[in-house]
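Peer 1: Below is the structure I would like to discuss, written out as structure tokens.
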Amino acid sequence: MKTRKYKYVSGTDAGDFFQVVFYDNDTDETPYLLIGNQFEFPNDNKVYFESDEEEIIGNYIVEQANLSHDTLTIKLKKEKPDTIIISINEVIGDHKKAYKVLKIMVPNLKRIKQTC
């Protein structure tokens with residue numbers, strides 16, 4: 001299980017290509033997580049993950065994804081199952097656009113509403 005915290009998020013949709021990027025700043029040496037997908041060619045429902053951490057890089061089926069007010073949790077189906085937890089309560093960026101793009105790439109993304 002990996003818990004990550006980023007400062008920024010951006011979402012992009014261009015034709016058949018979609019991506020959401022979490023990052024700390026605009027330099028190449030920053031921690032980042034890119035979640036991407038293209039729908040032009042069949043991909044067996046896999047989503048592409050790229051990161052500064054090599055063990056995350058690859059195409060995986062997302063078994064489960066949950067979004068709450070402060071956390072995005074993604075469970076990946078891979079040889080050694082992995083869960084990525086992203087703290088998003090202080091992330092700067094277009095959250096609505098990022099959620100929309102993420103929901104297209106990961107249809108089983110569930111939004112968990114906070115109850116008080």
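Peer 1: What is the number of the single condition among (1) touching a residue at least 24 places away in the same chain (Cβ under 8 Å); (2) more than 17 Å from T83 (Cβ to Cβ); (3) surrounded by 15 or more Cβ atoms within 10 Å (Cβ to Cβ) that I35 does not meet?
Peer 2: (2)
Peer 1: Could you list, in sequence order, the residues of region 86-108 that are within 13 Å of Q19 (Cα to Cα) and of a type in the set (K, R)?
Peer 2: Matches in region 86-108: K97, K100, K103.
Peer 1: Scan region 46-56 for residues that are part of a strand (DSSP E or B), among the acidic types (D, E) and in contact (Cβ under 8 Å) with a residue 40 or more places away in the chain and report the count.
Peer 2: Looking only at region 46-56, we keep the residues that are part of a strand (DSSP E or B), and these are 47-51.
Filter again for among the acidic types (D, E), leaving 50.
With in contact (Cβ under 8 Å) with a residue 40 or more places away in the chain added as a condition, the list becomes none.
So the answer is 0.
Peer 1: Further question on the same structure: Within region 76-116, how many residues are over 13 Å from the mean Cα position of the chain (by Cα) and small (G, A, S)?
Peer 2: Residues meeting the conditions: 1.
Peer 1: While we're here: Just a yes or no: is a residue in region 73-83 touching a residue at least 24 places away in the same chain (Cβ under 8 Å), under 15 Å from K110 (Cβ atoms) and surrounded by 14 or more Cβ atoms within 10 Å (Cβ to Cβ)?
Peer 2: Restricting attention to region 73-83, the residues satisfying the condition of being touching a residue at least 24 places away in the same chain (Cβ under 8 Å) are 74, 76, 82-83.
Okay, now just the ones that are also under 15 Å from K110 (Cβ atoms), so 74, 83.
Subsequent filtering for residues that are surrounded by 14 or more Cβ atoms within 10 Å (Cβ to Cβ) retains 74.
Yes, region 73-83 contains at least one residue that is touching a residue at least 24 places away in the same chain (Cβ under 8 Å), under 15 Å from K110 (Cβ atoms) and surrounded by 14 or more Cβ atoms within 10 Å (Cβ to Cβ).
Peer 1: Return the only residue of N66, N59, N43 being part of a loop (DSSP other than H, G, I, E, B) and either farther than 13 Å from I104 by Cα or of a type outside the set (A, V, I, L, M) (or both).
Peer 2: Details: N66 fails: part of a loop (DSSP other than H, G, I, E, B); N59 fails: part of a loop (DSSP other than H, G, I, E, B).
Answer to the check: N43.
All of the numbers you see were taken from the coordinates with simple rules; none came from a lab. From a predicted model like this one, the values you see are computed outputs, not experimental measurements. Quick reminder, even Gly has a Cβ in these numbers, built from the backbone with ideal geometry, and neighbours come from all protein chains shown.
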